[in-house]
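Everything on this sheet refers to the single structure shown next.
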Amino acid sequence: MLDLIGYTADQPLYECTLLEPSFGRGDFFLPAIERLLQSRAEAVAAGKAVGSIAECMRGVELHQGSFDTTRGLVIDKLIGAGLAAEEAQQIAQTWLVHGDFLLSPLPRAFDFVVGNPPYVRQELIPAPLLNEYRRRFVSLYDRADLYVPFIERSMGLLAEEGQLCFICSDRWMKNKYGGPLRHLVSRHFHLRSHIDMVDADAFHSEVSAYPAITVIAKGEPKPTRVAPRPALDKVTLSELSSAMRAEEGVSHLFAELENVVDGSNPWILETAGRIELIRRLEADFPTLEEAGCKVGIGVATGADKIFIGKLDELDVEADRKIPLAMGRDLATGHVEWRGYGVVNPFTDEGPLVNLDDYPRLKAYFEQHRERLEARHVAKKSSSSWYRTIDRITPSLTWKPKLLIPDIRGDAQVVFDDGRLYPHHNLYFVLSEQWELRALQAVLLSNVARLFVETYSTKMRGGYLRFQAQYLRRIRIPRWETVSADIRGRLIAAAAALDLKACDEAAAELYSLNTRERESLAKKN
(Lines give C-alpha, C1' and ligand atoms only; values in the text may rest on other atoms or scores of the structure.)
Protein backbone atom coordinates (compact mmCIF):
# COMPACT_ATOMS: atom_id res chain seq x y z
CA MET A 1 0.00 0.00 0.00
CA LEU A 2 2.90 2.38 0.68
CA ASP A 3 4.31 1.49 -2.74
CA LEU A 4 0.90 2.09 -4.31
CA ILE A 5 0.86 5.75 -3.24
CA GLY A 6 4.54 6.32 -3.95
CA TYR A 7 5.70 6.52 -0.35
CA THR A 8 9.03 4.91 -1.21
CA ALA A 9 12.54 5.49 0.08
CA ASP A 10 13.79 6.79 -3.27
CA GLN A 11 11.55 9.83 -2.82
CA PRO A 12 12.33 12.85 -0.58
CA LEU A 13 10.04 11.63 2.19
CA TYR A 14 11.68 14.05 4.64
CA GLU A 15 9.83 16.77 2.72
CA CYS A 16 6.45 14.96 2.99
CA THR A 17 3.87 14.35 5.68
CA LEU A 18 2.11 11.06 6.44
CA LEU A 19 -0.77 10.26 8.78
CA GLU A 20 -2.02 6.92 10.07
CA PRO A 21 -5.34 7.12 11.91
CA SER A 22 -5.86 4.37 14.48
CA PHE A 23 -2.31 3.02 14.16
CA GLY A 24 -2.83 0.10 16.55
CA ARG A 25 0.28 -2.10 16.43
CA GLY A 26 1.97 0.20 13.95
CA ASP A 27 1.45 -2.09 10.96
CA PHE A 28 1.70 0.86 8.58
CA PHE A 29 3.39 3.44 10.80
CA LEU A 30 6.54 1.44 11.54
CA PRO A 31 7.29 0.46 7.90
CA ALA A 32 6.65 4.09 6.92
CA ILE A 33 9.23 5.22 9.50
CA GLU A 34 11.78 2.80 8.04
CA ARG A 35 11.26 4.32 4.59
CA LEU A 36 11.46 7.86 5.95
CA LEU A 37 14.71 7.11 7.79
CA GLN A 38 16.22 5.43 4.73
CA SER A 39 15.25 8.38 2.51
CA ARG A 40 16.76 10.79 5.05
CA ALA A 41 19.97 8.79 5.40
CA GLU A 42 20.50 8.61 1.62
CA ALA A 43 19.93 12.36 1.32
CA VAL A 44 22.42 13.11 4.09
CA ALA A 45 24.98 10.77 2.51
CA ALA A 46 24.53 12.65 -0.77
CA GLY A 47 25.33 15.93 0.99
CA LYS A 48 21.81 17.32 0.97
CA ALA A 49 20.61 19.58 3.74
CA VAL A 50 17.87 17.72 5.60
CA GLY A 51 16.03 19.40 8.43
CA SER A 52 14.13 17.88 11.32
CA ILE A 53 11.76 15.00 10.59
CA ALA A 54 9.55 15.92 13.55
CA GLU A 55 6.74 17.14 11.29
CA CYS A 56 6.92 14.28 8.78
CA MET A 57 4.66 11.83 10.58
CA ARG A 58 1.50 11.73 12.67
CA GLY A 59 -0.29 8.74 14.11
CA VAL A 60 -3.41 8.62 16.27
CA GLU A 61 -4.47 5.76 18.54
CA LEU A 62 -7.19 5.55 21.19
CA HIS A 63 -6.30 2.26 22.87
CA GLN A 64 -3.76 2.96 25.64
CA GLY A 65 -1.98 -0.39 25.48
CA SER A 66 -1.50 -0.24 21.72
CA PHE A 67 -0.34 3.37 21.97
CA ASP A 68 2.28 2.60 24.62
CA THR A 69 3.61 -0.48 22.82
CA THR A 70 3.93 1.26 19.46
CA ARG A 71 5.49 4.33 21.06
CA GLY A 72 8.26 2.15 22.45
CA LEU A 73 8.86 0.57 19.03
CA VAL A 74 8.97 4.02 17.37
CA ILE A 75 11.60 5.25 19.83
CA ASP A 76 13.67 2.09 19.28
CA LYS A 77 13.62 2.62 15.51
CA LEU A 78 14.72 6.25 15.84
CA ILE A 79 17.53 5.37 18.22
CA GLY A 80 18.55 2.53 15.93
CA ALA A 81 18.89 5.07 13.12
CA GLY A 82 21.41 7.04 15.13
CA LEU A 83 19.25 9.64 16.89
CA ALA A 84 19.99 10.46 20.50
CA ALA A 85 17.53 8.99 23.00
CA GLU A 86 16.24 12.41 24.06
CA GLU A 87 15.63 13.49 20.45
CA ALA A 88 13.95 10.18 19.64
CA GLN A 89 11.60 10.63 22.59
CA GLN A 90 10.79 14.21 21.55
CA ILE A 91 10.02 13.16 17.96
CA ALA A 92 7.83 10.29 19.17
CA GLN A 93 6.04 12.75 21.44
CA THR A 94 5.29 14.93 18.39
CA TRP A 95 4.43 12.10 16.03
CA LEU A 96 2.05 10.10 18.21
CA VAL A 97 -1.32 11.36 19.43
CA HIS A 98 -3.20 9.46 22.09
CA GLY A 99 -6.90 10.08 21.45
CA ASP A 100 -9.95 9.62 19.26
CA PHE A 101 -9.05 10.36 15.63
CA LEU A 102 -12.56 11.66 14.91
CA LEU A 103 -12.25 14.24 17.71
CA SER A 104 -8.52 14.96 18.08
CA PRO A 105 -7.21 18.26 16.68
CA LEU A 106 -4.49 17.75 14.05
CA PRO A 107 -2.33 20.71 13.07
CA ARG A 108 -1.90 20.37 9.32
CA ALA A 109 -2.85 18.75 6.03
CA PHE A 110 -1.04 15.58 4.92
CA ASP A 111 0.47 14.36 1.68
CA PHE A 112 -0.36 10.75 2.55
CA VAL A 113 -2.96 9.09 4.77
CA VAL A 114 -2.67 5.33 5.03
CA GLY A 115 -4.06 2.57 7.20
CA ASN A 116 -6.89 0.26 8.18
CA PRO A 117 -9.70 2.25 9.87
CA PRO A 118 -11.62 0.58 12.71
CA TYR A 119 -14.80 -1.31 11.93
CA VAL A 120 -17.31 -0.60 14.73
CA ARG A 121 -21.11 -0.86 14.53
CA GLN A 122 -23.09 2.14 15.71
CA GLU A 123 -24.87 0.07 18.39
CA LEU A 124 -21.53 -0.29 20.20
CA ILE A 125 -20.92 3.48 20.36
CA PRO A 126 -22.29 5.35 23.44
CA ALA A 127 -25.19 7.60 22.45
CA PRO A 128 -23.59 10.96 23.45
CA LEU A 129 -20.43 10.12 21.49
CA LEU A 130 -22.45 8.93 18.49
CA ASN A 131 -24.41 12.19 18.52
CA GLU A 132 -21.16 14.17 18.49
CA TYR A 133 -19.87 12.11 15.58
CA ARG A 134 -23.11 12.74 13.71
CA ARG A 135 -22.80 16.46 14.35
CA ARG A 136 -19.33 16.54 12.83
CA PHE A 137 -19.57 14.07 9.94
CA VAL A 138 -22.20 14.01 7.22
CA SER A 139 -21.12 10.51 6.20
CA LEU A 140 -22.34 8.93 9.46
CA TYR A 141 -25.66 8.23 7.81
CA ASP A 142 -28.20 5.45 8.27
CA ARG A 143 -26.31 2.42 9.67
CA ALA A 144 -22.81 3.43 8.57
CA ASP A 145 -19.98 1.82 10.51
CA LEU A 146 -17.25 3.87 12.15
CA TYR A 147 -14.79 3.38 9.29
CA VAL A 148 -16.99 5.64 7.12
CA PRO A 149 -16.43 8.90 9.08
CA PHE A 150 -12.76 7.85 9.38
CA ILE A 151 -12.59 8.03 5.59
CA GLU A 152 -14.43 11.36 5.56
CA ARG A 153 -12.10 12.99 8.05
CA SER A 154 -9.02 11.54 6.38
CA MET A 155 -10.07 12.96 3.01
CA GLY A 156 -10.59 16.32 4.69
CA LEU A 157 -7.00 16.24 5.99
CA LEU A 158 -5.40 15.71 2.57
CA ALA A 159 -3.13 18.41 1.17
CA GLU A 160 -3.46 19.44 -2.46
CA GLU A 161 -2.77 16.34 -4.56
CA GLY A 162 -2.55 14.32 -1.34
CA GLN A 163 -3.46 10.62 -1.37
CA LEU A 164 -5.46 8.41 0.96
CA CYS A 165 -4.88 4.65 0.86
CA PHE A 166 -7.05 2.46 3.11
CA ILE A 167 -7.78 -1.22 3.30
CA CYS A 168 -11.27 -1.80 4.66
CA SER A 169 -14.68 -3.19 3.82
CA ASP A 170 -16.03 -2.16 0.42
CA ARG A 171 -19.63 -1.99 1.66
CA TRP A 172 -19.74 1.80 1.66
CA MET A 173 -19.04 1.83 -2.08
CA LYS A 174 -22.42 0.25 -2.85
CA ASN A 175 -24.68 0.26 0.22
CA LYS A 176 -27.25 2.89 1.08
CA TYR A 177 -25.25 4.17 4.05
CA GLY A 178 -22.28 5.00 1.81
CA GLY A 179 -24.25 7.48 -0.31
CA PRO A 180 -23.14 10.70 1.45
CA LEU A 181 -19.49 9.63 1.47
CA ARG A 182 -19.62 8.68 -2.22
CA HIS A 183 -21.09 12.12 -2.88
CA LEU A 184 -18.15 13.77 -1.05
CA VAL A 185 -15.68 11.81 -3.17
CA SER A 186 -17.47 12.91 -6.34
CA ARG A 187 -17.16 16.59 -5.48
CA HIS A 188 -13.48 17.10 -4.73
CA PHE A 189 -11.58 13.85 -5.17
CA HIS A 190 -10.33 11.30 -7.67
CA LEU A 191 -10.87 7.59 -7.09
CA ARG A 192 -7.45 6.67 -8.41
CA SER A 193 -7.19 2.96 -7.65
CA HIS A 194 -9.31 0.08 -6.40
CA ILE A 195 -7.91 -3.40 -5.68
CA ASP A 196 -10.39 -5.97 -4.49
CA MET A 197 -9.06 -8.40 -1.91
CA VAL A 198 -11.75 -11.09 -1.76
CA ASP A 199 -10.70 -14.03 0.42
CA ALA A 200 -7.35 -12.40 1.22
CA ASP A 201 -6.06 -12.90 4.76
CA ALA A 202 -5.56 -9.17 5.00
CA PHE A 203 -6.24 -8.70 8.72
CA HIS A 204 -4.92 -10.10 11.99
CA SER A 205 -8.28 -11.79 12.65
CA GLU A 206 -10.69 -13.41 10.21
CA VAL A 207 -13.51 -11.14 9.06
CA SER A 208 -16.53 -11.81 6.87
CA ALA A 209 -16.46 -8.38 5.25
CA TYR A 210 -15.18 -8.10 1.70
CA PRO A 211 -12.01 -5.97 1.90
CA ALA A 212 -10.61 -3.67 -0.75
CA ILE A 213 -7.61 -1.38 -1.07
CA THR A 214 -8.72 2.04 -2.24
CA VAL A 215 -6.64 5.06 -3.23
CA ILE A 216 -8.44 8.41 -3.21
CA ALA A 217 -6.51 11.49 -4.30
CA LYS A 218 -7.40 15.13 -3.85
CA GLY A 219 -7.91 16.65 -7.28
CA GLU A 220 -9.86 16.47 -10.52
CA PRO A 221 -11.57 13.15 -11.38
CA LYS A 222 -9.85 10.86 -13.88
CA PRO A 223 -10.31 7.22 -14.92
CA THR A 224 -10.08 4.67 -12.12
CA ARG A 225 -7.66 1.76 -12.26
CA VAL A 226 -9.29 -1.42 -11.00
CA ALA A 227 -7.37 -4.62 -10.22
CA PRO A 228 -9.15 -7.89 -9.43
CA ARG A 229 -7.90 -10.14 -6.62
CA PRO A 230 -4.13 -10.11 -7.08
CA ALA A 231 -1.91 -12.95 -5.90
CA LEU A 232 -0.51 -11.97 -2.52
CA ASP A 233 3.16 -12.56 -3.22
CA LYS A 234 5.83 -9.88 -3.12
CA VAL A 235 6.69 -10.00 -6.83
CA THR A 236 3.09 -9.69 -8.03
CA LEU A 237 2.22 -6.90 -5.60
CA SER A 238 5.37 -4.96 -6.47
CA GLU A 239 4.60 -5.25 -10.18
CA LEU A 240 0.98 -4.24 -9.57
CA SER A 241 1.84 -1.15 -7.51
CA SER A 242 4.33 0.01 -10.16
CA ALA A 243 1.79 -0.51 -12.94
CA MET A 244 -0.97 1.29 -11.03
CA ARG A 245 1.31 4.32 -10.48
CA ALA A 246 2.64 4.47 -14.05
CA GLU A 247 1.63 7.33 -16.32
CA GLU A 248 0.67 4.96 -19.13
CA GLY A 249 -2.68 3.31 -18.45
CA VAL A 250 -2.14 0.04 -20.33
CA SER A 251 -1.46 -3.11 -18.31
CA HIS A 252 -2.73 -6.66 -18.11
CA LEU A 253 -2.87 -6.22 -14.33
CA PHE A 254 -5.73 -3.72 -14.19
CA ALA A 255 -8.64 -2.24 -16.09
CA GLU A 256 -9.09 1.51 -16.50
CA LEU A 257 -12.70 2.57 -16.06
CA GLU A 258 -14.41 5.89 -16.77
CA ASN A 259 -17.04 7.56 -14.58
CA VAL A 260 -16.97 5.08 -11.69
CA VAL A 261 -17.76 7.92 -9.30
CA ASP A 262 -21.18 9.40 -10.05
CA GLY A 263 -22.58 11.52 -7.24
CA SER A 264 -23.99 9.34 -4.49
CA ASN A 265 -24.72 6.41 -6.83
CA PRO A 266 -23.13 3.02 -6.09
CA TRP A 267 -19.75 2.49 -7.69
CA ILE A 268 -19.71 -0.01 -10.54
CA LEU A 269 -16.26 -1.55 -10.55
CA GLU A 270 -16.79 -4.07 -13.30
CA THR A 271 -15.06 -4.60 -16.64
CA ALA A 272 -16.02 -2.14 -19.36
CA GLY A 273 -18.24 -4.61 -21.25
CA ARG A 274 -20.29 -5.42 -18.16
CA ILE A 275 -20.67 -1.74 -17.29
CA GLU A 276 -21.90 -1.00 -20.81
CA LEU A 277 -24.42 -3.85 -20.56
CA ILE A 278 -25.70 -2.68 -17.17
CA ARG A 279 -26.10 0.87 -18.46
CA ARG A 280 -27.92 -0.32 -21.59
CA LEU A 281 -30.35 -2.48 -19.61
CA GLU A 282 -30.98 0.34 -17.14
CA ALA A 283 -31.78 2.68 -20.02
CA ASP A 284 -34.04 0.20 -21.86
CA PHE A 285 -36.07 -1.50 -19.12
CA PRO A 286 -37.99 -0.63 -15.94
CA THR A 287 -36.96 -1.86 -12.50
CA LEU A 288 -38.45 -5.01 -11.06
CA GLU A 289 -40.98 -3.02 -9.03
CA GLU A 290 -41.77 -0.60 -11.85
CA ALA A 291 -42.67 -3.66 -13.94
CA GLY A 292 -45.32 -4.69 -11.42
CA CYS A 293 -43.41 -6.81 -8.88
CA LYS A 294 -43.06 -6.32 -5.14
CA VAL A 295 -39.94 -7.21 -3.15
CA GLY A 296 -40.07 -7.80 0.60
CA ILE A 297 -38.39 -9.65 3.45
CA GLY A 298 -39.70 -12.30 5.81
CA VAL A 299 -40.46 -11.91 9.50
CA ALA A 300 -37.83 -11.18 12.14
CA THR A 301 -39.17 -12.23 15.54
CA GLY A 302 -36.42 -11.13 17.92
CA ALA A 303 -36.81 -14.48 19.72
CA ASP A 304 -36.88 -17.32 17.21
CA LYS A 305 -36.62 -20.03 19.87
CA ILE A 306 -39.92 -18.82 21.32
CA PHE A 307 -41.88 -17.85 18.23
CA ILE A 308 -40.70 -20.64 15.93
CA GLY A 309 -41.08 -24.38 16.34
CA LYS A 310 -42.68 -27.43 14.82
CA LEU A 311 -46.13 -26.23 13.76
CA ASP A 312 -47.96 -29.13 15.40
CA GLU A 313 -46.04 -28.68 18.64
CA LEU A 314 -46.63 -24.93 19.15
CA ASP A 315 -49.12 -24.87 22.05
CA VAL A 316 -51.30 -21.98 20.87
CA GLU A 317 -54.66 -21.70 19.13
CA ALA A 318 -54.68 -22.98 15.54
CA ASP A 319 -55.34 -19.55 14.06
CA ARG A 320 -52.39 -18.09 16.01
CA LYS A 321 -49.73 -20.01 14.11
CA ILE A 322 -48.85 -20.22 10.44
CA PRO A 323 -46.49 -22.48 8.44
CA LEU A 324 -43.05 -20.97 7.96
CA ALA A 325 -40.54 -21.22 5.11
CA MET A 326 -36.91 -21.27 6.23
CA GLY A 327 -33.67 -21.41 4.26
CA ARG A 328 -33.18 -25.14 4.75
CA ASP A 329 -36.62 -25.80 3.25
CA LEU A 330 -35.31 -24.50 -0.10
CA ALA A 331 -32.00 -26.35 -0.33
CA THR A 332 -33.00 -28.43 -3.37
CA GLY A 333 -34.38 -25.51 -5.37
CA HIS A 334 -37.92 -26.66 -4.54
CA VAL A 335 -39.96 -26.11 -1.38
CA GLU A 336 -39.53 -29.11 0.87
CA TRP A 337 -41.22 -27.93 4.05
CA ARG A 338 -39.80 -29.40 7.26
CA GLY A 339 -42.91 -28.65 9.30
CA TYR A 340 -41.95 -25.45 11.14
CA GLY A 341 -44.33 -22.63 11.95
CA VAL A 342 -44.32 -19.20 13.54
CA VAL A 343 -46.58 -17.90 16.31
CA ASN A 344 -48.56 -14.91 15.03
CA PRO A 345 -49.49 -12.28 17.67
CA PHE A 346 -51.20 -9.97 15.15
CA THR A 347 -54.75 -9.78 13.87
CA ASP A 348 -55.39 -9.95 10.15
CA GLU A 349 -56.19 -6.23 10.27
CA GLY A 350 -52.82 -5.29 11.77
CA PRO A 351 -52.96 -4.62 15.54
CA LEU A 352 -51.81 -7.09 18.17
CA VAL A 353 -54.42 -9.54 19.37
CA ASN A 354 -55.96 -9.20 22.83
CA LEU A 355 -54.35 -12.01 24.78
CA ASP A 356 -57.49 -12.45 26.89
CA ASP A 357 -59.22 -13.69 23.73
CA TYR A 358 -56.62 -16.45 23.31
CA PRO A 359 -55.97 -18.29 26.60
CA ARG A 360 -53.46 -20.78 25.15
CA LEU A 361 -51.54 -18.02 23.39
CA LYS A 362 -51.57 -15.96 26.59
CA ALA A 363 -50.27 -18.86 28.66
CA TYR A 364 -47.56 -19.57 26.09
CA PHE A 365 -46.32 -15.98 26.08
CA GLU A 366 -46.54 -15.65 29.86
CA GLN A 367 -44.31 -18.70 30.14
CA HIS A 368 -41.64 -16.80 28.17
CA ARG A 369 -42.49 -13.28 29.33
CA GLU A 370 -39.15 -12.44 30.94
CA ARG A 371 -37.19 -13.21 27.78
CA LEU A 372 -39.72 -11.48 25.52
CA GLU A 373 -39.70 -8.30 27.61
CA ALA A 374 -35.90 -8.17 27.53
CA ARG A 375 -35.91 -7.54 23.76
CA HIS A 376 -35.30 -4.05 22.41
CA VAL A 377 -38.61 -4.07 20.51
CA ALA A 378 -40.50 -4.82 23.74
CA LYS A 379 -38.73 -2.10 25.71
CA LYS A 380 -39.93 0.53 23.23
CA SER A 381 -43.53 -0.21 24.20
CA SER A 382 -44.26 -2.22 27.34
CA SER A 383 -47.82 -3.00 26.21
CA SER A 384 -46.47 -4.65 23.04
CA TRP A 385 -44.07 -6.96 24.87
CA TYR A 386 -45.28 -10.06 22.98
CA ARG A 387 -44.98 -8.72 19.42
CA THR A 388 -42.51 -9.91 16.80
CA ILE A 389 -40.05 -7.31 15.49
CA ASP A 390 -41.82 -7.29 12.12
CA ARG A 391 -45.59 -7.33 11.83
CA ILE A 392 -46.91 -10.56 10.38
CA THR A 393 -49.42 -10.23 7.54
CA PRO A 394 -51.04 -13.70 7.35
CA SER A 395 -52.43 -13.16 3.84
CA LEU A 396 -48.85 -13.26 2.50
CA THR A 397 -48.77 -16.97 3.41
CA TRP A 398 -51.39 -17.89 0.82
CA LYS A 399 -50.03 -15.81 -2.04
CA PRO A 400 -47.89 -17.47 -4.73
CA LYS A 401 -44.40 -16.00 -4.46
CA LEU A 402 -40.74 -16.47 -5.17
CA LEU A 403 -38.46 -17.04 -2.17
CA ILE A 404 -34.81 -15.99 -2.28
CA PRO A 405 -32.26 -16.72 0.49
CA ASP A 406 -29.98 -13.82 1.37
CA ILE A 407 -26.34 -14.97 1.25
CA ARG A 408 -25.48 -17.25 -1.64
CA GLY A 409 -22.70 -17.87 -4.13
CA ASP A 410 -25.31 -18.14 -6.88
CA ALA A 411 -28.94 -17.13 -6.98
CA GLN A 412 -31.44 -19.54 -5.45
CA VAL A 413 -34.97 -18.59 -6.46
CA VAL A 414 -37.69 -20.99 -5.32
CA PHE A 415 -41.36 -20.99 -6.28
CA ASP A 416 -43.91 -21.28 -3.46
CA ASP A 417 -47.45 -21.80 -4.70
CA GLY A 418 -48.92 -20.14 -1.59
CA ARG A 419 -48.36 -22.36 1.41
CA LEU A 420 -45.71 -20.73 3.60
CA TYR A 421 -44.76 -17.47 5.31
CA PRO A 422 -41.10 -16.45 4.78
CA HIS A 423 -38.58 -16.30 7.64
CA HIS A 424 -36.39 -13.21 8.04
CA ASN A 425 -33.42 -14.58 6.09
CA LEU A 426 -35.61 -14.97 3.01
CA TYR A 427 -36.67 -12.28 0.56
CA PHE A 428 -39.87 -12.70 -1.42
CA VAL A 429 -41.12 -11.42 -4.75
CA LEU A 430 -44.82 -11.06 -5.59
CA SER A 431 -46.35 -10.02 -8.89
CA GLU A 432 -49.80 -9.61 -10.33
CA GLN A 433 -48.30 -8.68 -13.71
CA TRP A 434 -45.60 -11.26 -14.36
CA GLU A 435 -46.23 -15.01 -14.40
CA LEU A 436 -44.11 -16.08 -11.44
CA ARG A 437 -42.59 -19.15 -13.10
CA ALA A 438 -41.35 -16.98 -15.96
CA LEU A 439 -40.03 -14.42 -13.49
CA GLN A 440 -38.27 -17.21 -11.62
CA ALA A 441 -36.32 -18.06 -14.77
CA VAL A 442 -35.29 -14.43 -15.24
CA LEU A 443 -34.12 -14.15 -11.62
CA LEU A 444 -32.16 -17.38 -11.97
CA SER A 445 -30.43 -16.12 -15.12
CA ASN A 446 -26.98 -14.62 -15.45
CA VAL A 447 -28.59 -11.28 -16.36
CA ALA A 448 -30.19 -11.01 -12.92
CA ARG A 449 -26.96 -12.16 -11.33
CA LEU A 450 -25.14 -9.37 -13.18
CA PHE A 451 -27.27 -6.77 -11.40
CA VAL A 452 -26.85 -8.34 -7.98
CA GLU A 453 -23.12 -8.91 -8.51
CA THR A 454 -22.67 -5.32 -9.64
CA TYR A 455 -24.51 -3.64 -6.80
CA SER A 456 -24.15 -6.16 -3.97
CA THR A 457 -21.35 -6.23 -1.47
CA LYS A 458 -19.55 -9.56 -1.44
CA MET A 459 -18.82 -11.62 1.64
CA ARG A 460 -15.85 -13.82 2.46
CA GLY A 461 -15.73 -16.69 -0.01
CA GLY A 462 -17.16 -14.51 -2.79
CA TYR A 463 -20.75 -14.91 -1.57
CA LEU A 464 -23.27 -12.30 -2.69
CA ARG A 465 -26.03 -10.59 -0.74
CA PHE A 466 -29.38 -11.16 -2.47
CA GLN A 467 -31.04 -8.38 -0.48
CA ALA A 468 -34.09 -6.35 -1.39
CA GLN A 469 -32.05 -3.22 -2.21
CA TYR A 470 -30.10 -5.18 -4.84
CA LEU A 471 -33.04 -7.20 -6.17
CA ARG A 472 -34.89 -3.94 -6.76
CA ARG A 473 -32.11 -2.85 -9.14
CA ILE A 474 -32.82 -5.71 -11.53
CA ARG A 475 -34.38 -4.50 -14.79
CA ILE A 476 -37.01 -6.55 -16.62
CA PRO A 477 -39.35 -5.90 -19.56
CA ARG A 478 -43.03 -5.36 -18.90
CA TRP A 479 -44.90 -8.64 -19.13
CA GLU A 480 -47.19 -7.48 -21.90
CA THR A 481 -44.18 -6.90 -24.16
CA VAL A 482 -42.87 -10.48 -23.80
CA SER A 483 -43.67 -12.74 -26.75
CA ALA A 484 -45.59 -15.98 -26.28
CA ASP A 485 -42.55 -17.99 -27.39
CA ILE A 486 -40.21 -16.44 -24.82
CA ARG A 487 -42.88 -16.71 -22.13
CA GLY A 488 -43.13 -20.43 -22.77
CA ARG A 489 -39.35 -20.91 -22.79
CA LEU A 490 -38.94 -19.03 -19.50
CA ILE A 491 -41.67 -21.04 -17.78
CA ALA A 492 -40.27 -24.35 -19.01
CA ALA A 493 -36.72 -23.45 -17.97
CA ALA A 494 -37.86 -22.52 -14.45
CA ALA A 495 -39.98 -25.64 -14.02
CA ALA A 496 -36.97 -27.79 -14.96
CA LEU A 497 -34.51 -25.63 -12.97
CA ASP A 498 -32.40 -25.65 -16.13
CA LEU A 499 -30.03 -22.74 -15.54
CA LYS A 500 -28.54 -22.86 -19.02
CA ALA A 501 -32.03 -22.66 -20.51
CA CYS A 502 -32.80 -19.74 -18.15
CA ASP A 503 -29.71 -17.92 -19.45
CA GLU A 504 -30.63 -18.60 -23.08
CA ALA A 505 -34.23 -17.48 -22.70
CA ALA A 506 -33.13 -14.37 -20.79
CA ALA A 507 -30.65 -13.52 -23.54
CA GLU A 508 -33.54 -13.53 -26.02
CA LEU A 509 -35.75 -11.60 -23.62
CA TYR A 510 -33.20 -8.79 -23.33
CA SER A 511 -32.08 -9.00 -27.00
CA LEU A 512 -28.45 -9.46 -26.00
CA ASN A 513 -25.94 -9.16 -28.79
CA THR A 514 -22.84 -11.36 -29.13
CA ARG A 515 -20.58 -8.96 -27.24
CA GLU A 516 -23.07 -8.65 -24.38
CA ARG A 517 -23.40 -12.43 -24.13
CA GLU A 518 -19.63 -12.75 -23.99
CA SER A 519 -19.33 -10.17 -21.21
CA LEU A 520 -21.92 -12.09 -19.20
CA ALA A 521 -20.05 -15.33 -19.71
CA LYS A 522 -16.93 -13.88 -18.09
CA LYS A 523 -16.86 -14.49 -14.36
CA ASN A 524 -16.26 -11.25 -12.50
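Observations on the structure shown:
- P(r) weight above 21 Å for segment 336-457, C-alpha pairs, percent: 53 percent
- Note on the chain: with neighbouring protein chains present and a 1.4 Å probe, carbon and sulfur make up 49 percent of its accessible heavy-atom surface.
- Approximate spin-label separation T94-A272, in nm, with each point projected 7 Å along Cα-to-Cβ: 4.8 nm
- Remark: segment 87-182 projects, on average over all directions, an area of 7.1 nm² (convex hull of Cα atoms).
- Note, ³J(HN,Hα) from phi for segment 35-48, Karplus 6.51, -1.76, 1.60, rounded to Hz, x at Gly and Pro: 5, 4, 5, 5, 4, 5, 4, 5, 5, 5, 5, 7, x, 7
- Working from label points 7 Å from Cα in the Cα-to-Cβ sense, the T8 to R391 distance is 6.2 nm.
- Projected label distance in nm at V50 and D233, using a 7 Å step from Cα toward the beta-carbon: 3.4 nm
- The alpha-carbon atoms of segment 206-337 define a convex hull whose volume equals 253 cubic angstrom per residue.
- Qualifying trypsin sites (Lys or Arg not before Pro) for segment 63-149 [loop in DSSP, other Cβ within 10 Å: at most 15]: R108, R121, R143
- Based on protein heavy atoms only, the chain ends up with 46 Å² per residue of surface accessible to a 1.4 Å probe.
- Counting only the Cα atoms, segment 1-126 fills a convex hull of 107 Å³ per residue.
- Euclidean distance between Cα centres, segment 282-309 to segment 54-126, Å: 46 Å
- Residue separation of A84 and V138 scaled by 0.36 nm, minus their Cα-Cα distance, works out to 15.0 nm of gained length.
- Dividing the radius of gyration of the alpha carbons in the chain by their Kirkwood radius gives 1.05 for Rg/Rh.
- Helix 85-95 and the longest principal axis of the Cα set of the chain meet at an angle near 40°.
- Ellipsoid semi-axes in whole angstrom, largest first, where each is sqrt(5λ) of the Cα gyration tensor of segment 393-498: 22, 18, 12
- Förster radius 25 Å - calculated FRET efficiency between W337 and A484 (Cβ-Cβ, nearest 0.05): 0.15
- Label zone at I125 (point 7 Å along Cα-to-Cβ), backbone N below 18 Å, segment 138-161: 138-157
- In the structure shown, the pairs K222/K294; K222/K522; K174/K321; K362/K399; K77/K234 are assessed against 31 Å; a Cα-Cα span above that value is assigned to K222/K294; K174/K321.
The values are calculated or read from the model by the stated rules, or taken from the named source; none is laboratory data. Everything numeric in this text was worked out from a predicted model, so none of it was measured. Note that each Cβ is placed from the backbone with ideal geometry, even for glycine, and that neighbours are counted across all protein chains shown. SASA here: full protein model, heavy atoms, side chains in, ligands and nucleic acids out. Shrake-Rupley method; radii C 1.70, N 1.55, O 1.52, S 1.80 Å.
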